[in-house]
């Protein structure tokens, strides 16, 4: 099941689950956003090993970011994923909102 179980195979999201398609790349615009993608429970607690999870995250970013991601992007490595997934997020929605607010503030200050 992995990511598509909640985000659906096309990245559109099911119910209240956030849409990835056309949006997920914005998280790479900050370190906190980058960490968020690994630390969400679906990633951090996945049965995939670090190498496979890094590959899946990189695929998601390539396939679903659209114009939301600056090219080229720094791909996730197995080492980075292994380090970050040791601290899964407990307050996912609050953390996501903080990251998005910070990103919005950054873009308004440019």
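Nothing in this text is a laboratory measurement; each read-out follows from the coordinates by a stated rule. The structure displayed is predicted, hence computed values, not measured ones. Neighbour counts are summed over all protein chains in view; Cβ atoms, including those assigned to glycine, are modelled from backbone coordinates with ideal geometry.
Of note:
Residues are listed down the side, and each one gets a yes or a no for (1) without any contact (Cβ under 8 Å) to a residue 60 or more places away in the chain; (2) closer than 19 Å to residue 98 by Cα; (3) buried (at least 19 other Cβ atoms within 10 Å of the Cβ):
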{"residue": "21", "(1), (2), (3)": "yes, no, no"}
{"residue": "30", "(1), (2), (3)": "no, yes, no"}
{"residue": "34", "(1), (2), (3)": "yes, yes, yes"}
{"residue": "41", "(1), (2), (3)": "yes, yes, no"}
{"residue": "48", "(1), (2), (3)": "yes, no, no"}
{"residue": "51", "(1), (2), (3)": "yes, no, no"}
{"residue": "54", "(1), (2), (3)": "yes, no, yes"}
{"residue": "58", "(1), (2), (3)": "yes, no, no"}
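- Restricting segment 72-97 to residues that are in a helix (DSSP H, G or I) and under 14 Å from the mean Cα position of the chain (by Cα), the residue that is surrounded by the most Cβ atoms within 10 Å (Cβ to Cβ): 81
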